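The values are calculated or read from the model by the stated rules, or taken from the named source; none is laboratory data. Small disclaimer: the values here were computed from a predicted structure and weren't measured. Note that we place each Cβ from the backbone using ideal geometry, even for glycine, and neighbour counts take in every protein chain shown.
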Amino acid sequence: QSSVTVYGRVDLSVAQQADAVKNNEVRNGSGSRLGFRGTEDLGDGLKAVFQIEHRFNADDGTQSKAAFWDGKAIVGLEGGFGRITLGREDNPAYALSQLVADPWGTDTVASNSSIVNGRIGTNRYSNGVNYRFSASGFTFGAQVAEADGNTPASGVAEKRPYSLGGAWTNGPIVLGVGYENPADEDDYWATINGSYNFGVVKVGAFFGTGRNGSDQKARSYLVSATAPIGQGELRASYGELKNTTADVINDRQFSLGYHYALSKRTTIYADVTHEGRDNVPDNLKTTGYDIGIKHNF
Amino acid sequence: QSSVTVYGRVDLSVAQQADAVKNNEVRNGSGSRLGFRGTEDLGDGLKAVFQIEHRFNADDGTQSKAAFWDGKAIVGLEGGFGRITLGREDNPAYALSQLVADPWGTDTVASNSSIVNGRIGTNRYSNGVNYRFSASGFTFGAQVAEADGNTPASGVAEKRPYSLGGAWTNGPIVLGVGYENPADEDDYWATINGSYNFGVVKVGAFFGTGRNGSDQKARSYLVSATAPIGQGELRASYGELKNTTADVINDRQFSLGYHYALSKRTTIYADVTHEGRDNVPDNLKTTGYDIGIKHNF
Amino acid sequence: QSSVTVYGRVDLSVAQQADAVKNNEVRNGSGSRLGFRGTEDLGDGLKAVFQIEHRFNADDGTQSKAAFWDGKAIVGLEGGFGRITLGREDNPAYALSQLVADPWGTDTVASNSSIVNGRIGTNRYSNGVNYRFSASGFTFGAQVAEADGNTPASGVAEKRPYSLGGAWTNGPIVLGVGYENPADEDDYWATINGSYNFGVVKVGAFFGTGRNGSDQKARSYLVSATAPIGQGELRASYGELKNTTADVINDRQFSLGYHYALSKRTTIYADVTHEGRDNVPDNLKTTGYDIGIKHNF
């Protein structure tokens, strides 16, 4: 019986990014990854867990970030009390609310990443103590990390970052909330999201509000719809991120895509997105597209 | 059923390089590697494929190049139409002609690397769209990549690099051709190779011609012979690379080696090579050797 | 039958280091690692062996050192003659004496690393030729490497480093000796260690002597006791490292810890250590502690 599971993903597309110069290119559709994880049964309902996840750019073979195990690096215990881990981990505000609100899960050219994180939040934190509890459709997560190694957008870490997240699923209903407080003294990002699945279509809405490291207020919303069509899923979203202090639309994006499952592990997809933020320079494309393939292993 | 195969190689020798200062050392015989690959059957003859391959220097544990997955990073589909992948991949001119022509496969101190690539070609390109078709002993490959991330020897990428390769095998006969056009506007490298296997000995010949990024013409040839002896293979080659514009021999090399298979996966080898190019500085060794072990897993 | 074994460790604690500013933090308890190793039976008692081991900081997901495969990168043969490998490997003075003498194996905040290596030795060398022989409770190891890539503490590699180590186990008795000669012309580090296992408690002693790259003499000793208590082990040690040329105590450390095995693969632990060296700056904590979890897979 093996004590380690090897898993991963390679995801590449031919694409033109929106809000970018002309760059018809081979593009990383989402974070290609290679991971190792395992669970050890310690008896009495107690388990030891670990997971390390490398992220890479499959287009040129480079690692995605300075940290090789950018995706995850944790060890901990799981039991009736929940799950407590140490290390580099998704923050629960991202995992339970921001990520869930975007039909693209912040992947592909259609990613609503900056709308759901307000250009304030960060997907993961290093040096964290992480807690997660799930029961009866309800999930709660909390994380506190070190200022060290978690530099916020403002460039200076002033305090320990921390995050809270909650999610509730009941039949067709999904609700989520997140509160993320990066290492800068001023910034925070709070979000709420919900969706209702009518069967033929699932509709969702998201709202975020916060303050960046320059003490400017930000607000964002996103509405979305996804519909199963054949073996695939049609996705649509519209949203914007506004810096309300400066009264500037930082991101206004309409996205449409179709993701077709060749199997449970392999998807081909096509997306188109239109960028309509304030002050787009003339040399940037306002429309982006991609045609790609995502393979999980 | 596992969806991923872990494979690799560690290859080290005790060696003195030719055309180098005295450096009796532990040397990387070939590209030590660790790879992950898989094939998923999608039905109707269609398959999803992925492969990522890390290259490292086993002598000191460092990664070989700036890109961790220097060896390969691809995802794609395979079927009756052939195989189409995106990502970082061998160029077909290298894989189907240049590589095949060298009895050492461009490995060890005896490598004929600069003769078969003319100091113009590159083994792999990033950001590529790659096509491969095989049938009845015939293989065809094509690749087009981005100028971005594929800086040619001249240092400035001026256009998309592309490559073509073909190979034909029929009983004792192997023929190959390659055409590689790096990202510099001026350079290209065209090659042809063939071999005939008489059983007791296989003889081969190679010819290459092209132009480098400084618009100077280059020409090379290589003749080789390999003979099965016991559980091993005796290898010999002689060839040269000439810059015909400058009328300078850039490489003239005679190599001899014996590679003994301890098993299908493990080989021990000894090689000697003599370097006779123009203008070798006095402080460089003209003769190189290695004694090594190559283990595939 | 698989030809490769995937193994590893993730080890993290919540800790305050001794001899450091206040830094209550998530800390790497020992070298978290991911390794790949295999043995191939070649018949007649001969085996091919390989092993590559990556070391990483699980707290933030970064690799530990500049070399990705910092822990190990070797290939070689094993038989009645012993085991000979090429590549990056533990030096036998560390593996057979220094490491063994420390009840913490140079891990956690309680690590006696600088006492057992005298701030002269190094755990591993790159570009090495490594020999190991074991029989009847006796183990002998030798390593010679290249000056290249093995820069000593003095910053300038002047010669090939080499190391010797020996260990002898007989019932309750363990004895070990090590001699390590780094790449600096002046430095060396010689050690001897022994322990006797009374069952209820195992007591050990270590003595080291040598010279650093600045031609200053160093001397160290360590006494230790470990006792099995329940599913765990109580550990205690006291030792010091002295620069006898400068007459300065570089390290004087008392450590106490309890390591409790949740299973054969998972340990939780708590340690406390007190630093009493000469000239500790006022802003540094003299007492360190950790509470951690170590999971092997």
Over the stretch B:67-97, the set of residues under 19 Å from B:Gly166 (Cα atoms) and among the charged types (D, E, K, R) is B:Glu78, B:Arg83, B:Glu89, B:Asp90
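Can you say whether B:Ser220 is more than 23 Å from B:Gln17 (Cα to Cα), surrounded by 14 or more Cβ atoms within 10 Å (Cβ to Cβ) and either within 14 Å of chain C (Cβ to nearest Cβ) or touching a Leu at 6+ places or on another chain (Cβ under 6 Å) (or both), as far as the supplied structure shows? Walk me through it before giving the result.
Values: more than 23 Å from B:Gln17 (Cα to Cα): no; surrounded by 14 or more Cβ atoms within 10 Å (Cβ to Cβ): yes; either within 14 Å of chain C (Cβ to nearest Cβ) or touching a Leu at 6+ places or on another chain (Cβ under 6 Å) (or both): yes.
No, not satisfied.
Residues that are touching a Phe, Trp or Tyr at 6+ places or on another chain (Cβ under 9 Å), of a type outside the set (Gly, Ala, Ser) and under 24 Å from A:Gly80 (Cβ atoms): does the stretch A:145-158 have at least one?
Looking for residues that are touching a Phe, Trp or Tyr at 6+ places or on another chain (Cβ under 9 Å), of a type outside the set (Gly, Ala, Ser) and under 24 Å from A:Gly80 (Cβ atoms), one finds none in the stretch A:145-158, hence no.
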Sort out which residues of the stretch B:228-251 are crowded, with 16+ Cβ neighbours inside 10 Å, of a type in the set (A, V, I, L, M, F, W, C) and within 26 Å of B:Ile293 (Cα to Cα), and write them in order of number.
B:Leu234, B:Ala236
Those residues that are of a type in the set (Gly, Ala, Ser) and within 24 Å of B:Gln143 (Cβ to Cβ), I need them from the stretch A:31-63; list them, please.
A:Ser32, A:Ala58, A:Gly61
Over the stretch C:131-146, the set of residues of a type outside the set (Val, Ile, Thr) and either surrounded by fewer than 24 Cβ atoms within 10 Å (Cβ to Cβ) or farther than 22 Å from C:Leu46 by Cβ (or both) is C:Tyr131, C:Arg132, C:Phe133, C:Ser134, C:Ala135, C:Ser136, C:Gly137, C:Phe138, C:Phe140, C:Ala142, C:Ala145, C:Glu146
Residues of the stretch A:201-225 satisfying the condition of being β-branched (Val, Ile, Thr) and either assigned to a strand (DSSP E or B) or without any contact (Cβ under 8 Å) to a residue 12 or more places away in the chain (or both)
A:Val203, A:Thr209, A:Val223
Name the pairs whose Cβ atoms lie under 8 Å apart, with the first residue in the stretch B:54-72 and among the charged types (D, E, K, R), the second surrounded by fewer than 23 Cβ atoms within 10 Å (Cβ to Cβ) and assigned to a loop (DSSP other than H, G, I, E, B), and 6 or more positions between them or separate chains?
B:Arg55/B:Gly31; B:Arg55/B:Ser64; B:Arg55/B:Lys65; B:Asp59/C:Gly149; B:Asp60/C:Ala67; B:Asp60/C:Gly149; B:Asp70/B:Ser64
Could you say whether any residue in the stretch B:214-229 is small (Gly, Ala, Ser) and within 30 Å of C:Gly45 (Cα to Cα)?
yes
Given the conditions (1) closer than 24 Å to B:Ser154 by Cα; (2) in contact with a strand residue (DSSP E or B) (Cβ under 7 Å, 6 or more places away or on another chain); (3) within 14 Å of chain A (Cβ to nearest Cβ); (4) surrounded by fewer than 24 Cβ atoms within 10 Å (Cβ to Cβ), and given that B:Tyr125 satisfies all but one, which numbered condition is not satisfied?
(4)
Look at C:Gly82 and say whether it is farther than 24 Å from A:Glu53 by Cα, surrounded by fewer than 23 Cβ atoms within 10 Å (Cβ to Cβ) and not aliphatic (A, V, I, L, M).
yes
Quick check, is C:Ser114 within 30 Å of C:Thr245 (Cβ to Cβ), away from every other protein chain (no Cβ under 14 Å) and either surrounded by fewer than 23 Cβ atoms within 10 Å (Cβ to Cβ) or of a type in the set (Lys, Arg) (or both)?
yes
Pair list, Cβ under 9 Å, 6 or more apart: the stretch C:179-200 residue over 30 Å from C:Glu158 (Cβ atoms), other residue part of a loop (DSSP other than H, G, I, E, B)
C:Ser195/C:Pro172; C:Tyr196/C:Pro172; C:Asn197/C:Gly171; C:Asn197/C:Pro172; C:Phe198/C:Pro172; C:Gly199/C:Pro172
Residues B:Lys202, B:Lys159: which one is charged (D, E, K, R), surrounded by fewer than 21 Cβ atoms within 10 Å (Cβ to Cβ) and at pLDDT 95 or above?
B:Lys202
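For C:Gly43, are the conditions met, namely being more than 29 Å from C:Ile192 (Cβ to Cβ), within 14 Å of chain A (Cβ to nearest Cβ) and free of Cβ contacts under 8 Å to residues at least 24 places away in the same chain?
No; evaluated as a whole, the condition is false for this residue.
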Considering only the stretch A:233-271, state which residues are among the hydrophobic types (A, V, I, L, M, F, W, C) and within 19 Å of the chain's Cα centre (by Cα).
A:Ala236, A:Leu241, A:Phe254, A:Leu256
Taking the stretch A:247-297, which residues are within 14 Å of another protein chain (Cβ to nearest Cβ), in a strand (DSSP E or B) and charged (D, E, K, R)?
A:Asp290, A:Lys294
Does the stretch C:259-277 hold any residues that are surrounded by 17 or more Cβ atoms within 10 Å (Cβ to Cβ) and of a type in the set (Phe, Trp, Tyr), and which are they?
C:Tyr269
Taking the stretch A:9-47 as the region of interest, how many residues are small (Gly, Ala, Ser) and more than 20 Å from A:Ser111 (Cβ to Cβ)?
4
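Every residue, every condition in (1) within 12 Å of chain C (Cβ to nearest Cβ); (2) at pLDDT 95 or above, yes or no:
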residue	(1), (2)
B:Gly8	yes, yes
B:Val14	yes, yes
B:Ala20	no, no
B:Arg27	yes, yes
B:Arg33	yes, yes
B:Phe56	yes, yes
B:Gly71	no, yes
B:Val75	no, yes
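Would you be able to tell me the number of residues in the stretch C:115-147 that are free of Cβ contacts under 8 Å to residues at least 12 places away in the same chain and in a strand (DSSP E or B)?
Number of matching residues: 1.
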The number of residues in the stretch A:132-164 that are closer than 16 Å to C:Val14 by Cβ and away from chain C (no Cβ under 13 Å) is 2
Checking B:Ile52 against (1) within 14 Å of chain C (Cβ to nearest Cβ); (2) buried (at least 22 other Cβ atoms within 10 Å of the Cβ); (3) of a type outside the set (Lys, Arg), the condition it does not meet:
(1)
If I ask for residues that are at negative phi and not hydroxyl-bearing (Ser, Thr, Tyr), which ones from the stretch A:80-91 would you list?
A:Gly80, A:Phe81, A:Arg83, A:Ile84, A:Leu86, A:Arg88, A:Glu89, A:Asp90, A:Asn91
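Would you check if C:Gly166 is among the small types (Gly, Ala, Ser) and either farther than 27 Å from C:Gly149 by Cβ or not in a strand (DSSP E or B) (or both)?
In short, no.
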